[in-house]
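What follows is a set of notes on a single structure, which appears directly below.
Just so it is clear, none of the values below were taken in a lab; they were calculated from the coordinates. These figures come from a predicted structure and were not determined experimentally. Ideal geometry is used to build each Cβ from the backbone, glycine not excepted, and the neighbour counts take in all protein chains shown.
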Amino acid sequence: MRPDDKIGEQIAADRASENETACCVRNDGSGCVQSTLRKCSKTMATFYKFPNKHEEHRVSGSVCGLDPHYCSDPPSVGPHTWPDDITRWPICKKKANVSIPRAAPHMSCEVVGHPCCTGTRGECQISTREYCDFVQGYFHEDALLCSQVSCMDKICGMLPFLDPEVPDQFYRLWTAIFLHAGFIHLLITLVFQYVVMRDAEKLTGFVRMGIIYIMSGVGGNLASAIFTPYVAEVGPSGSQFGVFACVFVEIIYSWKLLDRPWMPVLRMSLMVLFLFIVGLFPWTDNYAHIFGFAFGFLLSLALLPGLAFGESNRRCKVWTIILALLACIGLFAGLIVMFYVHPIYDCVGCSYLNCIPITENFCDNQKIVIAKKPTD
């Protein structure tokens, strides 16, 4: 949905590490793989690094199966000479006609490893197709380096990024409303819509209810993306709390017409409080609940029809609509600024509103870890 500094730093670190790699050619002729010097066996393979006396004075490389001298499309000619940085090398679409016996070791060996995108953070590693299929990754047979593929674009799915390096899937704020984490999750949504939302829609109309439902879900998802950016979530919880807020406003507008209006207010308040407490457990989202309720309340004040007795009452209703719309627009604009202009990445206290760690690992299973663990 947006460029992330932490993920960007991790990708930059991975590319800097990849720039130090070279082709590790196995001595038994079983193939070669792009590797660091540390991972290339000193007894069973040869680490083929471009020599210091290379004719183009290259320091970065070599790359298994890729070389500027052995590629005719795109060719390495000025002003488009391939730089001395293998992470900026393109994918070779057509190899030059060079006989294998005369080719350099890194070009005459069989390449057994290609980029494989795995995980939810867009991690890339050079692996075989069998291993990539085993971990359910995305195998790029046409590429030879991780820097030649965009794993975030592939992992995120749905519509591809306009720029492979810049996430731009803002539409996830409303598509997530219609996704569910399983049959039970879907069943809860259907029961809620039948028991609560159906009656509210009869009072407000399907157009008003549709606006409140969608915008409450979008606002709740946006707040969740701000305060808990590394927690994967789906579902219409923000929309459902917007419907609860709509029922509250309907009771307020009908206060004088009800015999005991405080009774439905008490029942609704207890239900909302119970759901807020449930939101303190893993895999429920209190930020979507709170901001979905706030957007639903403001939109309901502006959209729901109300009875006006007298001129003063009518003017009060008009000002209520204006102020509620301004507050809703201001709240949404503030969230947009917090998401794109001044993003929050490491708010330790924010997670406690979403999940209270009763035990040491109680809330860990819903987080997406961005920092990669060091490997040998």
Cα principal axis extents for the stretch 1-152, largest first, Å: 47, 40, 27
Taking the convex hull of Cα positions in the stretch 132-282, its mean projected area over all directions (nm²): 12.3 nm²
Along each principal axis, Cα extent of the stretch 222-325, largest first, Å: 52, 30, 16
Overall form of the stretch 189-234 per C-alpha gyration tensor (a/c, 1.5; a/b vs b/c): oblate
Amide H contacts of Ser127 (H built 1.01 Å from N, under 5 Å, at least 5 apart or other chain): His114, Cys116
Cysteines without a disulfide-compatible neighbour (Cβ-Cβ under 4.7 Å), the chain: Cys156, Cys246, Cys316, Cys328
Pairwise centroid distance, computed over Cα atoms, of the stretch 322-340 with the stretch 1-52, Å: 47 Å
Spacing of the two label points (7 Å from each Cα toward its C-beta) at Ile358 and Phe161, in nm: 4.0 nm
At most 16 other Cβ within 10 Å, DSSP loop - GluC sites (Glu not before Pro), the stretch 2-89: Glu20, Glu55, Glu56
Euclidean distance between Cα centres, the stretch 226-303 to the stretch 108-183, Å: 37 Å
Distant-in-sequence amide H partners of Thr46 (H built 1.01 Å from N, under 5 Å): Val25, Arg26, Asn27
Linear extension gain, Asp259 paired with His342, 0.36 nm per residue minus alpha-carbon span: 25.0 nm
Rounded, prolate or oblate (a/c below 1.5 giving rounded, otherwise prolate when a/b exceeds b/c) for the stretch 285-357 by Cα gyration tensor: prolate
Length added when fully stretched, Asp85-Asp28, from 0.36 nm per residue minus Cα-Cα: 17.6 nm
Ratio of Rg to Rh over the stretch 215-267 (Cα coordinates, Kirkwood Rh, two decimals): 1.18
Förster radius 45 Å - calculated FRET efficiency between Ser269 and Ala16 (Cβ-Cβ, nearest 0.05): 0.25
Residue-wise HN-Hα coupling along the stretch 214-224, computed from phi with Karplus coefficients 6.51, -1.76, 1.60 (Hz; x: Gly, Pro): 5, 5, 5, x, 5, x, x, 5, 5, 5, 4
Cross-link pairs Lys6/Lys93; Lys94/Lys154; Lys6/Lys42; Lys6/Lys94 - those with Cα-Cα distance over 31 Å: Lys6/Lys93; Lys6/Lys42; Lys6/Lys94
Prolate/oblate/rounded label for the chain (Cα gyration tensor, a/c 1.5): prolate
The stretch 261-362, relative contact order in percent, only Cα pairs under 8 angstrom and at least six apart counted: 39 percent
Contact order relative to length of the chain, as percent, for alpha carbon pairs under 8 angstrom and 6 or more apart: 14 percent
Residues whose placed amide H lies under 5 Å from that of Gly65, excluding near-sequence neighbours: Met107
Whole-angstrom Cα spans of the stretch 1-87 along principal axes, big to small: 47, 33, 23
Charge dipole (the chain, unit charges on Cβ, about Cα centre) - positive-most of Val337, Phe297, Phe161: Phe297
Acute angle (nearest 10 degrees) that the helix 237-253 long axis makes with the longest principal axis of the chain, alpha-carbon atoms: 20 degrees
Given charges at beta-carbon only (K, R positive; D, E negative), |dipole| of the chain in Debye: 700 debye
